[in-house]
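One structure is given here, and the rest of the page talks about it.
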Amino acid sequence: MFRQVQIPEELSRERKKIRRSEDLLLHEAHKLLLQEQFSEKNILSNLKSYTKSFGLLDEEGIDPGQIYTTREIRNICVRYRLRFVDSQVYTGEFPYEVVLKIKDLNAIQRKDLMFFKILSPAENLKNPSQNMDSLLFVQTVYGNYYLLHRWGNLLPVSRKIKSFPFRSIETFMLCVIVLTALLSLLLPNKYLTTDTHADYFSMYRVACFFHVLILVAGFCVFYLFKNNKTFSVSDWDNPKIN
C-alpha cells in the first residue's frame, strides 16, 4: 500500500528542525513586546491593533503542540505545493466538527474568533468535491497559527516528488539540467559524430548536452506558460486560484 502524507506530522517535524534556542528567545521577546503594547498605558496609542486582538486566539491555555509559525507552514506548503489562504476562499462546506470546536474556543476564550486560515491543495480549493486533505487554522495574538481541525482524504507521498520542480525557479532549472544530462548520456556515439574513434565522454557529448538543454528548456518553459503553472515559493499564500 502506498504511503500517505500526514501534514500535521510534517509540520511538527518542520518545527523541530527549524526552531532553535535563539528562535525561542526571539519569540518570547516578541510576546513581551506585544504585552507591553497592550498594557493599559499604551492601549489608546495602539487601539487598532488592540481591537484586532479581540478576534485572535490567546496562546495561553491551549496545546502548544498544535501551534505553528508562518515559516513552518510556508515550508510545508512549498514542499507539497499547498495553499495557505483565508478560510473564505474555500467554497465547500466545513465539517460540523469545525463549528463545535470554534464554539468551544469562543466560550473558553470569551471572545468571537475571526481570523481563520485553510491549508489545502489549490485544486481542492477550486473544486472542494475532491475532498482532499484540508487543515483549518486560527491566528493567535502572537502571529502564529493554531491547528483547529483536519478533514478530507490524505495526500499521496508521491505529491512531494511531483511538486519538486515547481517549488522555485532553482528547483525547476535543476530538474531541466538533470533531465538534459540523462538524455545526453543515453544517446549513443553514432548519433553524435561520424568519428568511430571518439570516446564516449568527449566534446561531442558536451556539445550535445548544451543543444539538448536548449531544446528541453524550451519545452519545459512552454509547458509552464501553457498550463499557467507558478512556483510555490511565491504562490503558497496567493488567494487567487487559477
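Odds and ends about this structure:
- Candidate set: region 49-87, residues that are in a loop (DSSP other than H, G, I, E, B) and within 25 Å of Val157 (Cα to Cα); chosen: the one modelled with the lowest pLDDT: Thr69
- Among the residues making up region 167-185, those that are open to solvent by less than 30 Å² (accessible area, probe 1.4 Å) and of a type in the set (A, V, I, L, M, F, W, C) are Phe172, Val176.
- For the residues Leu136, Leu148, the requirement of being closer than 30 Å to Ser120 by Cα, touching a His at 6+ places or on another chain (Cβ under 8 Å), of a type outside the set (Ser, Thr, Tyr) and buried (at least 19 other Cβ atoms within 10 Å of the Cβ) singles out Leu136.
- Residue match in region 140-155 (condition: out of contact with any Phe, Trp or Tyr (no Cβ under 9 Å at 6 or more places or on another chain) and more than 27 Å from Gly65 (Cα to Cα)): no
- Positions within region 88-129 being out of contact with any Pro (no Cβ under 6 Å at 6 or more places or on another chain), of a type in the set (Val, Ile, Thr), assigned to a helix (DSSP H, G or I) and in contact (Cβ under 8 Å) with a residue 24 or more places away in the chain, in sequence order: Val98, Ile102, Ile108
- Count of region 196-242 residues which are in a loop (DSSP other than H, G, I, E, B) and aromatic (Phe, Trp, Tyr): 4
- Checking each residue in region 79-133 for being surrounded by 17 or more Cβ atoms within 10 Å (Cβ to Cβ) and basic (Lys, Arg) picks out Arg79, Arg81, Arg83, Lys117.
- Candidate set from region 156-166 (those that are hydrophobic (A, V, I, L, M, F, W, C) and touching a residue at least 24 places away in the same chain (Cβ under 8 Å)); member that is least open to solvent (accessible area, probe 1.4 Å): Phe166
- The set of residues in region 186-228 being basic (Lys, Arg) and either modelled with pLDDT under 80 or surrounded by 15 or more Cβ atoms within 10 Å (Cβ to Cβ) (or both) consists of Lys190, Arg205.
The values are calculated or read from the model by the stated rules, or taken from the named source; none is laboratory data. These numbers come from a predicted model, not from an experiment. FYI the Cβ positions are ideal-geometry reconstructions off the backbone, even for glycines, and counts take in every protein chain you see. The area values use the complete protein model at the heavy-atom level, side chains included, leaving out ligands, DNA and RNA. Shrake-Rupley method; radii C 1.70, N 1.55, O 1.52, S 1.80 Å.
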